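Comments concern the structure below.
The values are calculated or read from the model by the stated rules, or taken from the named source; none is laboratory data. All figures in this text were calculated on a predicted structure; none of them were measured in a lab. All Cβ positions, glycine included, derive from the backbone under ideal geometry; neighbour counts span all protein chains shown. SASA here: full protein model, heavy atoms, side chains in, ligands and nucleic acids out. Shrake-Rupley method; radii C 1.70, N 1.55, O 1.52, S 1.80 Å.
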Amino acid sequence: MFRKVHVRLAALCAGITIFILLVMSCGFLYISERGLRTSSFAAFQNDMDALITSLEQQTIITHEWLSRIEDNGTYLINVIDNGVPFLYNERNTPEQKRLFSAAWETCNSRLEVEPLLSAFDTWHMEYPFSSSGGTRNDYYACVITSQRNTGTFQVMVLCSMEPLLSQIRTQRLLFLGLNLLASAALALFSWYFTRQLLRPLEENQRQQNQFIASASHELRTPLAVILSCASASMRASRQEQAHFLESIQSEGLRMSRLIDDMLLLTQAGDCRWTIQKRPSEPDTLLLDTFEAFEAMAAEQSIRFHIELPEEAVPPVLCDPERIRQVLSILLHNAFSYTKKGGLVRLSLRYDGKTVRFLVADNGIGIPDEEKKKIFERFYRADQARSEKGHFGLGLCIAAEIVRAHHGRIQVSDTPGGGSTFTITL
Ligand code: ADP
């Protein structure tokens with residue numbers, strides 16, 4: 001399911017970003033091309049102004065002057081003196097002649113539209129035109145008409161737009177190449193970005209599935225015992241029935257505890273926990289917990305010590321009930337994983353800034369590779385070693401409570417063997 005969502009999200013993300021990129025670059029390309037065309041036409045007009053000034057200074061138009069203008073290869077020139085083409089025009093190739101006749105034609109049709117221009121002694125007109133008669137202009141044309149003593153003198157100058165068109169083509173190709181590269185980069189980025197976006201959701205889904213699978217597994221065992229006890233008690237004697245009922249009750253209680261733990265964790269996951277913080281004295285908190293576990297220590301023949309700092313520890317802003325719950329989980333584990341005759345120590349440390357609660361035992365210890373995993377839901381370092389009533393949820397609940405207090409819970413090895421859990425508030 002996540003793969004499908006990933007592909008769709010990546011396609012959507014890439015589609016939108018590439019579309020925006022294309023619209024923006026097309027707009028930029030359009031503005032840039034317009035600028036190029038305008039400046040190229042303005043440059044042509046400037047050149048023509050200079051040419052007209054030079055023309056006005058010539059009393060006689062010589063072939064030499066005309067070929068000097070044409071020599072740089074940019075311009076083609078055609079002269080009509082009193083309606084008669086100049087001899088100089090005979091040098092033109094048939095293609096050039098066809099070009100000039102098209103240019104004169106467009107000039108005449110323009111003059112019909114703008115007749116006022118021809119009222120001046122010397123006038124000129126620049127315009128772009130298409131040599132093929134289509135819509136794509138490929139030449140700039142300039143018509144100069146001068147009334148002289150000898151009559152009317154007309155000059156047509158043509159300038160190919162090929163350098164400009166080739167510049168535009170190169171620019172378009174460059175844009176296309178850059179857009180393709182940018183689109184590929186955006187597609188890759190979208191793929192990576194959406195993957196990162198979905199990863200926590202995927203992980204969450206995986207954890208939920210695992211949670212449901214583990215919870216079902218844990219609930220199945222007591223349920224199976226209850227069902228078999230119930231069916232056996234139907235055929236059993238009164239005395240045996242009492243024994244079966246006892247088993248049913250104890251398994252029922254086990255199930256109820258497991259469900260309570262799971263509900264607690266679900267509430268923590270949804271941030272529905274109510275943490276009622278108030279200034280609480282950590283030493284009192286520790287002493288209360290110590291007293292509550294003294295009987296269990298005696299019953300299991302485990303030495304149980306408490307260590308309090310000599311100096312006074314200031315009150316801590318916490319929910320004392322929840323912190324007591326954490327200490328109980330840690331102590332319960334310490335007693336469960338420490339052998340008879342072992343030692344469990346409950347200590348309080350204060351360094352002027354933070355308060356630390358330590359639960360240390362010299363029991364079986366936790367291998368380094370397991371240290372991180374033990375805080376996961378339903379994780380038990382050794383399934384076979386864990387006794388009944390240990391569901392692998394205790395440390396997870398403890399970690400959630402400490403996290404809700406913005407504190408830290410860590411596990412390390414006790415010097416000489418065993419484990420030490422430290423809660424820092
Ligand atoms: P459980 O209810 O199974 O004890 P926890 O979440 O409290 O679940 O602990 C997870 C696992 O961490 C336990 O199954 C156990 O293997 C390991 N563990 C926890 N505390 C200790 C300890 N004091 N000594 C050794 N192993 C421990």
Solvent-accessible heavy-atom area per residue, rounded to whole Å², over the chain at 1.4 Å: 59
Spin-label model distance (nm) - residue 149 vs residue 72, 7 Å beyond Cα toward Cβ: 3.2
log10 of Debye I(q)/I(0), alpha-carbon scatterers only, for the chain at 0.06, 0.12, 0.14 Å⁻¹: -0.56, -1.05, -1.19
Estimated translational D of the range 1-107 in µm²/s (Stokes, Kirkwood radius over Cα pairs; 37 °C; 0.692 mPa s): 174
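Hey, any idea what % of the chain's accessible area is carbon plus sulfur with a 1.4 Å probe?
On the way: 14490 of 25090 Å².
Accessible surface attributable to carbon and sulfur in the chain totals 58 percent.
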Chymotrypsin sites (Phe, Trp or Tyr not before Pro) within the range 98-197, DSSP loop, no more than 15 other Cβ atoms inside 10 Å: 120
Which of 17, 274, 414 is most accessible, then next, and so on - probe 1.4 Å: 274, 17, 414
Rounded to the nearest 10 Å², the accessible area of residue 48 at probe 1.4 Å: 0
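To the nearest 500 deg cm²/dmol, what mean residue ellipticity at 222 nm is calculated for the chain from DSSP H runs of n ≥ 4 alone, each contributing -39,500 (n - 2.57), summed and divided by the residues? Show your work: numbers first, answer last.
On the way: 8 runs with 237 residues, N = 425.
So the helix-based figure for the chain works out to -20000 deg cm²/dmol.
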Dipole magnitude of the chain about its Cα centre (Cβ charges: Lys, Arg +1; Asp, Glu -1), debye to nearest 20: 1740
In Å², nearest 10: area of residue 225 left accessible to a 1.4 Å probe: 50
0 to 90° range, to nearest 10: angle between helix 320-336 axis and the chain longest Cα axis: 70
Principal-axis tilt of helix 238-269 within the chain, Cα atoms, nearest 10 degrees: 30
Length released on extending from residue 138 to residue 296, taking residue separation times 0.36 nm less the Cα-Cα span: 46.8 nm
Amide H within-cut-off set for residue 152, under 5 Å, with H built and near neighbours excluded: 82
Mean-position separation - Cα centroids, the range 192-254 and the range 268-345, in angstrom: 29
Angle in degrees between helix 394-404 and the longest Cα principal axis of the chain, rounded to the nearest 10: 50
Charge dipole (the chain, unit charges on Cβ, about Cα centre) - positive-most of 250, 276, 315: 250
Positive-end residue of 174, 190, 139, charge dipole of the range 111-204 with Cβ unit charges: 190
Cut-off under 5 Å, modelled amide H: who pairs with residue 280 long-range: 316, 317, 318
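Could you tally the net charge around residue 420, taking each other residue with its Cβ under 10 Å from the Cβ of residue 420, Lys/Arg +1 and Asp/Glu -1? Could the numbers behind the result be given before it?
Values: positive: 345; negative: 361, 413.
Charge balance in the 10 Å sphere: -1.
Just list whichever of 339/371; 339/373; 277/371; 277/340 have alpha carbons separated by over 26 Å in the model shown. All intermediate terms of the calculation are to be shown ahead of the outcome.
Details: 339/371 20 Å; 339/373 23 Å; 277/371 29 Å; 277/340 37 Å.
277/371; 277/340, as the Cα separations exceed 26 Å there.
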